[in-house]
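These notes concern the structure reproduced below.
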Amino acid sequence: MMTLAAQTEQGVLGYLGRALSLELSAAQLYRTQARLLSSWGLAEPAARLRAESEEELQHVDRIIERMLAVGVAPSASQLRPVKLGQSLAELLQVNQAFEKELITLYREAVAHCARTGCHDDRVFFEELVEDEQAHFDELVAWLQRVQGETKRGQY
């Protein structure tokens, strides 16, 4: 009898593994940056990044659920090193670059699934693209506000 993992297209399994690694890395990044912001006395931005970390952990849960559903034991290959900065604006720029990487990965996964006829997996990755794109857009708006406040001497 074939296992679900044996029936799942190998490229999809690769995308799921990379997604898990990146989402765990994102959670670590945001949690670390939140701690740094707290140490700088920036409680509100720190709380916001803690919430972002929780959102990324929700993505981790969804990916793990998907991996289990296709018969694969979840395994993140490697967490990315955390990148920091000297200001809130620098942290947000790091985060935007990271979110772009996630969006790119998920768009590639969507295209792969469309080419290979993996409909359910395509829908799964499309939902993640939407979530990450919305998150990226929020980061862009937040950075613009911070840069405006920096010019006025608030950060």
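The values are calculated or read from the model by the stated rules, or taken from the named source; none is laboratory data. Every value quoted in this text rests on a predicted model; they were computed, and no experiment measured them. Note that we place each Cβ from the backbone using ideal geometry, even for glycine, and neighbour counts take in every protein chain shown.
Taking Ser38, is it farther than 16 Å from Val146 by Cα, in a helix (DSSP H, G or I), polar (S, T, N, Q) and touching a residue at least 12 places away in the same chain (Cβ under 8 Å)? Spelling it out, it is not the case that Ser38 is farther than 16 Å from Val146 by Cα, in a helix (DSSP H, G or I), polar (S, T, N, Q) and touching a residue at least 12 places away in the same chain (Cβ under 8 Å).
Within the stretch 82-102, is even one residue hydrophobic (A, V, I, L, M, F, W, C), part of a loop (DSSP other than H, G, I, E, B) and more than 15 Å from the chain's Cα centre (by Cα)? First the steps, then the outcome.
Keep residues of the stretch 82-102 that are hydrophobic (A, V, I, L, M, F, W, C), which gives 82, 84, 88-89, 91-92, 94, 97-98, 102.
Adding the requirement that they be part of a loop (DSSP other than H, G, I, E, B) leaves 82, 84.
Subset that is more than 15 Å from the chain's Cα centre (by Cα): 84.
The answer is yes; a qualifying residue exists.
One residue alone among Ser25, Ser53 is more than 30 Å from His119 (Cβ to Cβ), out of contact with any Cys (no Cβ under 7 Å at 6 or more places or on another chain) and either touching a residue at least 12 places away in the same chain (Cβ under 8 Å) or assigned to a helix (DSSP H, G or I) (or both), and that residue is Ser53.
Exactly one residue out of Glu65, Glu127 is at pLDDT 95 or above, in a helix (DSSP H, G or I) and more than 13 Å from Leu20 (Cα to Cα), and it is Glu127.
Flag: Asp121 matches the condition of being surrounded by 13 or more Cβ atoms within 10 Å (Cβ to Cβ) and either within 15 Å of Ser25 (Cβ to Cβ) or not hydroxyl-bearing (Ser, Thr, Tyr) (or both).
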